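Here's the structure, in structure tokens; my notes come after.
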Amino acid sequence: MAIEDDQEGICMTEAEYLRMEAESEVKHEYFDGRAYAMAGAGYNHNCITANVSRKFGNHLEGTPCVTFSSDMKVRIGKDYAYPDVLVSCDKMASGDYFCTSPVIIVEVLSKSTRKRDTTDKLIRYLNLPSLQEYVLIEAEIVAVQVFRKSSNWRSEYYYLGDAVTFDSIGLTLSVEEIYDRVDNGDMSEFRQRKSSLPEQ
């Protein structure tokens, strides 16, 4: 199946990738004819993904829109990625194993994923006709970056004390909600300040 296996990924055709991925215990993303194994995520990454996925899912109950986290691929032409969270509102445009029409994609940044999430994936995602928002969330500090199609993909940043409105699904979350139970320096300092305030 594989023509070449090195640090630059495993070279294979799209059909070979889809066959391999259906049977593989390890997830792979597929870009430019190469499959890249995905590393496991840490505590903060998983907390943020769970928080966002839960809030999106609860908000979208009773609507045609479905929230997926981590295990649903997005097909971008002949490339495939596993976003941390995505929302699709068109079941007819999605298969059982991949989505082609997400309205919002969320990626949680880590050292191993930052470069691809902020370069290769960003360019590919923003070219998806259905996409309305692309969200990048830092795991080791508190910072949320949102690219919106309605703003010509100019990004906006949000920090503790801010609220983020996800226009594509009509939901507003505080940055504190997004980082609930996350254990990084910014959140530790924020909780200490909050606990020292006199009760109202």
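The values are calculated or read from the model by the stated rules, or taken from the named source; none is laboratory data. Bear in mind that the values here come from a model prediction, so they are computed numbers and not experimental data. Backbone-built Cβ (ideal geometry, glycine too); neighbour counts: all protein chains shown.
Side notes on the structure shown:
- Subset of segment 5-32 that is at pLDDT 90 or above and assigned to a strand (DSSP E or B) - its residue that is nearest to Pro83 (Cα to Cα): Glu29
Conditions (1) surrounded by 14 or more Cβ atoms within 10 Å (Cβ to Cβ); (2) acidic (Asp, Glu); (3) at pLDDT 95 or above; (4) more than 19 Å from Tyr80 (Cβ to Cβ), marked per residue:
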position	(1), (2), (3), (4)
Thr100	yes, no, no, no
Val135	yes, no, yes, yes
Val146	yes, no, yes, yes
Glu176	yes, yes, yes, yes
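- The set of residues in segment 42-53 being within 26 Å of Ile169 (Cα to Cα) and touching a residue at least 12 places away in the same chain (Cβ under 8 Å) consists of Asn44, His45, Cys47, Ile48, Thr49, Ala50, Asn51, Val52, Ser53.
- The residue of segment 156-169 that is surrounded by the fewest Cβ atoms within 10 Å (Cβ to Cβ), among those that are in contact (Cβ under 8 Å) with a residue 12 or more places away in the chain and either over 25 Å from Gly42 (Cβ atoms) or of a type in the set (S, T, N, Q) (or both), is Gly161.
- Among residues of segment 39-74, those that are of a type in the set (Lys, Arg), modelled with pLDDT of 95 or more and buried (at least 16 other Cβ atoms within 10 Å of the Cβ), counted: 1
- Residue match in segment 54-63 (condition: over 24 Å from Asn127 (Cβ atoms), among the basic types (Lys, Arg) and in contact (Cβ under 8 Å) with a residue 24 or more places away in the chain): yes
- Of the helices (runs of 4 or more DSSP H) lying entirely inside segment 79-196, those carrying at least 2 residues that are more than 16 Å from the chain's Cα centre (by Cα) are 175-178, 185-196.
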